[in-house]
1. Measure off 7 Å from each Cα along the Cα-to-Cβ vector at residue 30 and residue 42, then give the distance between these two points in nanometres to one decimal.
2. Hey, can you rank 308-320, 93-105 by average C-beta count inside 10 Å, highest first?
3. Taking 0.36 nm per residue of separation and subtracting the Cα-Cα distance, what length does fully extending residue 338 through residue 317 add?
4. Using alpha carbon centroids, what distance separates region 296-341 and region 220-252, in Å?
5. If r is the Cβ-Cβ distance from residue 86 to residue 347 and R0 is 45 Å, what FRET efficiency results, to the nearest 0.05?
6. For the ranges 267-279, 172-184, what's the packing order if you count other beta-carbon atoms within 10 Å of each residue, average per peptide, and put the highest first?
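Read the figures in this text as sums done on the coordinates, not as results from a lab. Just so you know, these numbers come straight off a predicted model, no measurement behind them. Backbone-built Cβ (ideal geometry, glycine too); neighbour counts: all protein chains shown.
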């Protein structure tokens, strides 16, 4: 019996060490208060102009925010940064998923920083339709570039925007330029719809391809190829070198069938390997030739002016749409009208006109 009691006693749970009580409450409160404090627009502008990445990141967060309280502050920041912007070159990079965009951008961005450039990468991630969070996590896949002192990577979830273009990418470019970044790279999701929007905010549009995908002779890619200023066959290494060179020939033949560009630039086709870094310098030489030619002809500034007008109209359209759906009168009647349309009690066109008339009454 005594042996049993000894065994039972050895199995009983002993009192552990209780966690220490929080003794420095004031220090905890100071940390919490500091986190609650938001820097003013003037402080963020000053930080951005000094190249402070924390200030830049916080300002971009305000610009991307859909909180109405942040809109006025974000507009003030953009206004303060605008005189210091427009001093960079903007490069759009697209390609289907799996073409190696992130690996290429890391190799290309590293090459530029080593050449003395300051590079900002705006990677537009597709968003989950369930949680609305980013899926690809581009920043985590550019392990070397993210540690580079002359590089800044900002992934942004695309949300519900057409084709995955982040809603405030255009304004983010202005902030990055004001922070001293002279080369802005915008990576699209590569799903076939966002390319038009990105093309309207960059100076040079680069299309990444891989050999053996069957695109060389297909006409379905005509639209995206017409926008491209250069086509790069990626993954030209190992056994793929021969296939990549063959793809280069096919794309060169296809490009000669397209009408001349307004810039009079003849798009170039080249091969590269983001893994071995072969061909990266040739791509930068091509881009440099493009900028030299378009700046001399005046097309560079002409295109920038057209883009500014385009984004003014886009902003007006976006604001009108937002005002329409947030007007109390529209909100109150939307569900009822929607049900009437679904039940064929009223045509979609008549319903739309009715809501528009109701919207006009608010003015």
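1. 2.6 nm
2. 93-105, 308-320
3. 5.3 nm
4. Region 296-341 and region 220-252 have Cα centres spaced 36 Å from each other.
5. 0.40
6. 172-184, 267-279
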